[in-house]
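The values are calculated or read from the model by the stated rules, or taken from the named source; none is laboratory data. In this text, all values refer to a predicted model and were calculated from it rather than measured experimentally. Here the Cβ positions follow ideal geometry from the backbone for every residue, glycine too, while neighbour counts run over all protein chains shown. Note: areas computed on protein heavy atoms with side chains; ligands, DNA, RNA excluded. Shrake-Rupley method; radii C 1.70, N 1.55, O 1.52, S 1.80 Å.
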Amino acid sequence: MAEKLIILSDMWGVKKGLWITSYFGYLQQYYDITFYDCQQLANIDELINTKENLHKAFIDGGIDTAVAHLLKKETEASHVLAFSTGGTIAWKAALKGLPMKSLTAISATRIRMEETSPKVDMNLIFGECDKFKPGMKWAKEVGADLNVIPSFGHELYSDEKIISEVCMGLLHKVTRKAV
């Protein structure tokens with residue numbers, strides 16, 4: 001039986017997320033995937049369609065709503081792949097008890113506001129040129145390792161090279177043979 005993988009979108013959800021189908025292409029054969037559109041998970045009105053308004057809606061309660069909904073929906077330990085706002089939602093959910101086998105969070109810049117780190121196997125990926133990525137001082141304080149990719153910005157998760165590398169890492173988790 002395939003291991004479960006929860007995928008959490010970025011703040012745009014499926015609206016601007018054609019890139020997400022590439023992740024499914026790599027992973028669906030090896031994982032039982034549950035996908036969450038973060039706008040839906042946060043009960044954010046679909047009429048809010050500017051970056052600024054959407055960001056504000058997540059900050060003003062949307063992230064907390066999404067965390068609460070995720071905690072109600074998911075009860076079994078799963079691997080989690082999350083993008084940007086989705087990564088922050090996953091991080092906060094893990095701190096509140098969401099059972100996780102691993103967390104791969106890409107461009108989850110708002111975790112820099114957190115003071116504690118979930119106790120789970122994590123791969124925290126950021127673009128070197130993302131001006132909002134957490135700093136090394138923060139990483140040391142919370143006990144997190146940052147994987148910073150040179151020459152990329154915030155939306156590195158939509159780049160085919162990064163998609164391939166991230167997916168190969170996740171596939172390694174389920175295809176390596178037990179010794």
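Data for the structure
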item: Among (1) more than 22 Å from Leu124 (Cβ to Cβ); (2) part of a loop (DSSP other than H, G, I, E, B); (3) in contact with a Phe, Trp or Tyr (Cβ under 9 Å, 6 or more places away or on another chain) - the single one Lys16 does not satisfy; result: (3)
item: From Lys72, Lys101, residue being among the basic types (Lys, Arg) and either without any contact (Cβ under 8 Å) to a residue 40 or more places away in the chain or farther than 25 Å from Gly169 by Cβ (or both); result: Lys72
item: Hey, Arg176 surrounded by fewer than 13 Cβ atoms within 10 Å (Cβ to Cβ) and among the charged types (D, E, K, R) or not; result: yes
item: Pick from the range 150-160, criterion touching a helix residue (DSSP H, G or I) at 6+ places or on another chain (Cβ under 8 Å) and under 17 Å from Leu81 (Cα atoms), ranking: most open to solvent (accessible area, probe 1.4 Å); result: Glu160
item: Matching option when the condition is in contact with a helix residue (DSSP H, G or I) (Cβ under 7 Å, 6 or more places away or on another chain) and under 20 Å from Ile20 (Cα atoms), among Leu170, Leu124, Leu146; result: Leu170
item: Test: residue in the range 153-169 that is more than 21 Å from Gly25 (Cβ to Cβ) and part of a strand (DSSP E or B); result: no
item: Residues located in the range 37-92, provided they are open to solvent by 80 Å² or more (accessible area, probe 1.4 Å) and in contact with a strand residue (DSSP E or B) (Cβ under 9 Å, 6 or more places away or on another chain); result: Lys73, Glu76
item: Residue list for the range 140-149, restricted to those being touching a Leu at 6+ places or on another chain (Cβ under 9 Å) and either open to solvent by less than 50 Å² (accessible area, probe 1.4 Å) or assigned to a helix (DSSP H, G or I) (or both); result: Ala144, Leu146, Ile149
item: Top-ranked residue of the range 93-139 - restricted to ones that are open to solvent by less than 10 Å² (accessible area, probe 1.4 Å) and assigned to a helix (DSSP H, G or I), ranked as nearest to Asp64 (Cα to Cα); result: Ala93
item: Qualifying residue in the range 58-75 (condition: more than 15 Å from the chain's Cα centre (by Cα) and of a type in the set (Ser, Thr, Tyr)); result: yes
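For every residue, the table says whether it meets (1) free of Cβ contacts under 8 Å to residues at least 12 places away in the same chain; (2) in a helix (DSSP H, G or I).
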residue	(1), (2)
Asp10	no, no
Gln29	yes, no
Leu47	yes, no
Asn53	yes, yes
Asp60	yes, yes
Ile63	no, yes
Ala66	no, yes
